[in-house]
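Asker: The structure is given below, and queries will be raised subsequently.
The values are calculated or read from the model by the stated rules, or taken from the named source; none is laboratory data. This one's a predicted model, so the numbers in the text were calculated from it and none came from an experiment. Here the Cβ positions follow ideal geometry from the backbone for every residue, glycine too, while neighbour counts run over all protein chains shown. Heavy atoms of the whole protein, side chains included, go into the accessibility calculation; ligands, DNA and RNA do not. Shrake-Rupley method; radii C 1.70, N 1.55, O 1.52, S 1.80 Å.
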Amino acid sequence: MEYYYKDNYESEFSLIDASEMRFNAGSMNKSCYKIIWAKDDEITLGVDGCRMFLKRGQLLFVTPLNDLDLEVENAKIIIYSFNRAFYCIRDHDAEVSCNGFLFLGSSMPVIVGLTPEEEMSFNLLCDFFVEEFETVDHIQGEMLMVLLKRLLIKSVRIARKILPKEDMPQGKLDIIRKFNLLVEHHFREKHKVSEYADILNISPKSLSNVFLRYYNKSPLKVISNRICLEGERLIRFSDKSMSEIAYSLGFNEASHFSKFFKKHTGKSPMQYKIDNSN
């Protein structure tokens, strides 16, 4: 079953229940954010060429920059999909605080798991969505947006539990979120923690201390992972030479990129290309 909303201003929002249908992510609007909920089934899917496994009750948050590969039939999963015209997580960041946390640009997507009590709440919320999709009137879009905000806020609260410090002060979380977003915008030309610390008006040591205490990765690791992820994408899916790839990622020499890539992935770019040629 698929429920779909669209207005005259190009706003799009959909809910897909794949329990009684065949679903292929290739049919979805690539410009949309997506929330994939393994409601009552386990599923395997691809994100940016990497295979991921979702256990029953887990949710995956995907941005328009992620390449999603998912094909299922009669699987009890729910997919929420919305574009920026319907709800811009950047413009409404003060409302839900999910930008740079649930949705991390094209970096590896966030997965959160639900407790039995949380599953009941999400099931009830899903029923509310269906009810609103079936009620076509002049405030339908507004009602769906309210429910989406509720879904995102609940997800943020649950996702905070996967952080090393669940009781993280909001100010510290905001630093991490802003850093993640800055990395997404500048990873091609800024490779040093100090460059991001300057933008955030914080010392590199203080920034590293925030990540050490409240996050599961160092800021340098976040930067390196993002560069490597883009490198893997370009190696696998583009026709660029290694020199062109290196230059596009901020390296003056292909040898510098090769050394960096091997240090963080364990393989040279050429070996990675060979291993993923099929």
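Asker: Residues to consider are Lys172, Lys161, Lys178, Lys154; find the one that is under 21 Å from the mean Cα position of the chain (by Cα), open to solvent by less than 50 Å² (accessible area, probe 1.4 Å) and not aromatic (Phe, Trp, Tyr).
Answerer: Step by step, each of Lys172, Lys161, Lys178, Lys154 is checked, and only Lys154 is under 21 Å from the mean Cα position of the chain (by Cα), open to solvent by less than 50 Å² (accessible area, probe 1.4 Å) and not aromatic (Phe, Trp, Tyr).
Asker: State whether one or more residues within region 20-29 are in contact with an Asp or Glu (Cβ under 6 Å, 6 or more places away or on another chain), closer than 30 Å to Arg236 by Cα and outside any loop (DSSP other than H, G, I, E, B).
Answerer: yes
Asker: Out of the residues in region 59-80 meeting the condition of being part of a loop (DSSP other than H, G, I, E, B) and open to solvent by 20 Å² or more (accessible area, probe 1.4 Å), tell me which one is farthest from Phe13 (Cα to Cα).
Answerer: The residue in question is Asn74.
Asker: Please go through region 236-257 and pick out each residue that is within 20 Å of His185 (Cα to Cα) and touching a residue at least 12 places away in the same chain (Cβ under 8 Å).
Answerer: Within region 236-257, Ile245, Ala246, Ser248, Leu249, Gly250, Phe257 meet the criteria.
Asker: From the list Arg56, Arg90, Arg22, exactly one residue is of a type in the set (D, E, K, R) and under 18 Å from the mean Cα position of the chain (by Cα). Which is it?
Answerer: Arg90
Asker: Let me ask something else about it. Can you say whether Tyr196 is more than 30 Å from Asn99 (Cα to Cα), open to solvent by less than 40 Å² (accessible area, probe 1.4 Å) and in a helix (DSSP H, G or I), as far as the supplied structure shows?
Answerer: no
Asker: Here's a follow-up. Run down Phe237, Phe257, Phe187, Phe261 and say which single residue is under 19 Å from Gly49 (Cβ atoms) and exposed (fewer than 15 other Cβ atoms within 10 Å of the Cβ).
Answerer: Phe237
Asker: Return a yes/no flag: does region 205-219 have any residue that is open to solvent by 50 Å² or more (accessible area, probe 1.4 Å), under 22 Å from Thr63 (Cα atoms), without any contact (Cβ under 8 Å) to a residue 60 or more places away in the chain and assigned to a helix (DSSP H, G or I).
Answerer: No, the conditions are met nowhere in region 205-219.
Asker: Here's another thing I want to ask about it. Among the listed residues Asn66, Asn29, which satisfies the condition of being in contact (Cβ under 8 Å) with a residue 40 or more places away in the chain and more than 25 Å from Val136 (Cβ to Cβ)?
Answerer: Asn66
Asker: Would you mind telling me which numbered condition in (1) in contact (Cβ under 8 Å) with a residue 24 or more places away in the chain; (2) in a loop (DSSP other than H, G, I, E, B) Arg56 fails?
Answerer: So Arg56 meets the others, but not (1).
Asker: In addition: Pairs needed: first member in region 261-278, within 20 Å of Arg226 (Cβ to Cβ); second member anywhere, polar (S, T, N, Q) and in a loop (DSSP other than H, G, I, E, B); C-beta distance under 6 Å; at least 6 residues apart or different chains.
Answerer: That search, which allows pairs on different chains as well, returns Lys262/Ser268.
Asker: Next up: Which of the residues that make up region 81-101 are among the hydroxyl-bearing types (Ser, Thr, Tyr), modelled with pLDDT under 80 and either within 23 Å of Lys6 (Cα to Cα) or part of a strand (DSSP E or B) (or both)?
Answerer: none
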